[in-house]
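Rule-based calculations on the coordinates, nothing more; no lab input. All figures in this text were calculated on a predicted structure; none of them were measured in a lab. Ideal geometry is used to build each Cβ from the backbone, glycine not excepted, and the neighbour counts take in all protein chains shown.
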Amino acid sequence: MMQDALSLLRLYTEWGVDTAVTDQATDHRQTGAGAFRLPAAPTRAGSGATPGAPAAGPHHTHHQPAPPQTHPMAATPAAAAGVTSLGESIALAQHAAAQATTPDALRAAIEGFAACSLHATAMHTLAPTGPHNAPLMLIGEAPDADEDRSGQVFAGLCGSLLDALLAPLPLERSQLALATALPWRPPGGRPPSDAEQRICVPFLQRAITLFAPRRLVLCGRLPATMLLGRDTPAQRREWSALALPDGPTIPAVVMRHPLQLRASPTARREIWQTLMMVMKTLRDDP
């Protein structure tokens, strides 16, 4: 028995499992079964009976009330469990994001969004934070383990390294808008799939519109790919024009993620050079 438990623990480690979400294991194949609706069984010609329903007597006709009619795009989060295609999931995300008119409403929309599988496996939903019309909005990679456990953007080691970057600058964390590229951490910290990115990007774009920062700093390849539509090299130090689907065009620059400060002297130099370019831009063109 003990050997079986140790073997299972080693298997979890190899799979990248690092957090116990609940005390009891959950079979997500069963919990997600409602997302796949099978077509109703055909009725026999002339019978008029619905399979599984009690037959009506010869002198009594049982009338079922018609279901309420709703707009297909006005689905509630619970209705999102019936999503069967990537296109429907993206459309639901676009609709939910567009309906949010304030950062608080956007947070509620993200927390209630169930049409992305990451929502069910993450410990917390990470929504953007910070002041409106901040000089900079920093967008990081997918949430790491520290951010997922705490529910805070740029938390743990990532946050400590960001504070170290800001310490010599006339810029405090409280002055910045902060966000992660995805609102949920992929299981085990694996790279998010293309489908997961496409579902989550409407929320990120809407957050930029609602927070209305003057400039964007995309910390890493994931936010650069999701927002700029290409795999932009992290060391590239020039402004790009990001045209939002429901907002203005905002200057954006790609910078290595603060966690890359530990990578090498070259990475630290590139981060600092990019940050100096950003500060010079803010000084010359506030």
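Counting pairs of alpha carbon atoms under 8 Å apart in space and at least six apart in sequence, what relative contact order in percent does segment 73-284 give? Spell out each step's value before the answer.
Working: 370 pairs, mean separation 43.6, N = 212.
After rounding, I find 21 percent.
Run the simple label-point estimate for A120 and M276 please: 7 Å along Cα→C-beta, distance reported in nm.
For the pair A120/M276, the computed spacing is 5.0 nm.
Over 32 Å, how big is the tail of the calculated P(r) for segment 73-284, in percent of all Cα pairs?
Tail of P(r) above 32 Å: 13 percent of Cα pairs.
Quick one: work out the % antiparallel among DSSP beta bridges in segment 73-284, nearest 5. Don't jump to the answer; show the numbers that get you there.
On the way: 5 of 16 bridges.
Looking only at bridges with both residues in segment 73-284, the antiparallel portion is about 30 percent.
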